[in-house]
Amino acid sequence: SVRISAVSTFITGFLNRHAAKFLSENPDIRLDFVGEERNAVLERREADMAIRHMRPVGGQARVRKLGDLATTVYAAPHFIQRNGALKPDVPWVGFSRPLDFLPEQQWIEANVAPKHVVVTLASSATYADTVTREIGAGMLSCMVGDQRANLQRVNSGVPVMHRESWLMVLDDTRQRPAVRTVMN
């Protein structure tokens, strides 16, 4: 068993898409996905590896950059004008504590009038679900938003921001054959 801690939308938007193929090729490995907003502490053995969307600072874990995740504004088509821009006074979905530190929420605070934010959430999975249910426009990673058939990118579709994705694992844990296989 390999326990992987990641934000729940990374699990649903990326890891789950690749899990079936991986498991068919590696039938002796069980994946244990831990979707949570807080950062698991590897030194306390809360996970074997962790995927984070900010470069980790400190700690004993080895860190490897996985890639860049694009993020942009998504909305249901009825919220979007013919020119691709949002209609005036569109409702928005925001993040609440403990996620109000996210770059996505900081972008919303800088670009959306507070009166237009109709709901805030403290979970990335419920945030994506709320935007998908057409309650309002929202900031989603492209790997999540592009999979939602009822949503489309606003404006030109060019991402508003990019966030790095990082893999963290402790030295002794990464020597386990199952962990090495998952890392590879």
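A few notes on this one:
- Among the residues of region 84-104, those identified as crowded, with 19+ Cβ neighbours inside 10 Å and within 17 Å of LEU69 (Cβ to Cβ) are PHE95, LEU102, GLU104.
- Among (1) open to solvent by 30 Å² or more (accessible area, probe 1.4 Å); (2) within 30 Å of VAL118 (Cβ to Cβ); (3) touching a Lys or Arg at 6+ places or on another chain (Cβ under 9 Å) - the single one GLN152 does not satisfy: (3)
- The listed residues are PHE33, PHE10, PHE22, PHE14, and the only one of them that is open to solvent by less than 20 Å² (accessible area, probe 1.4 Å), among the hydrophobic types (A, V, I, L, M, F, W, C), modelled with pLDDT of 85 or more and at negative phi turns out to be PHE10.
- Flag: THR120 does not match the condition of being free of Cβ contacts under 8 Å to residues at least 60 places away in the same chain, surrounded by fewer than 17 Cβ atoms within 10 Å (Cβ to Cβ) and of a type in the set (Ser, Thr, Tyr).
- For ARG64: the one exception among (1) open to solvent by less than 90 Å² (accessible area, probe 1.4 Å); (2) not in a loop (DSSP other than H, G, I, E, B): (1)
- Restricted to region 91-123, and to residues there that are small (Gly, Ala, Ser) and modelled with pLDDT of 90 or more, the residue that is farthest from the chain's Cα centre (by Cα) is ALA113.
- Qualifying positions in region 162-183 - under 30 Å from VAL117 (Cα atoms) and open to solvent by less than 30 Å² (accessible area, probe 1.4 Å): SER165
The values are calculated or read from the model by the stated rules, or taken from the named source; none is laboratory data. Keep in mind it's a predicted model, so treat the numbers as computed, not measured. Virtual Cβ from ideal backbone geometry, glycine too; neighbours counted across all protein chains shown. Just so you know, the surface numbers come from the protein's heavy atoms only, side chains and all, with ligands and any DNA or RNA stripped out. Shrake-Rupley method; radii C 1.70, N 1.55, O 1.52, S 1.80 Å.
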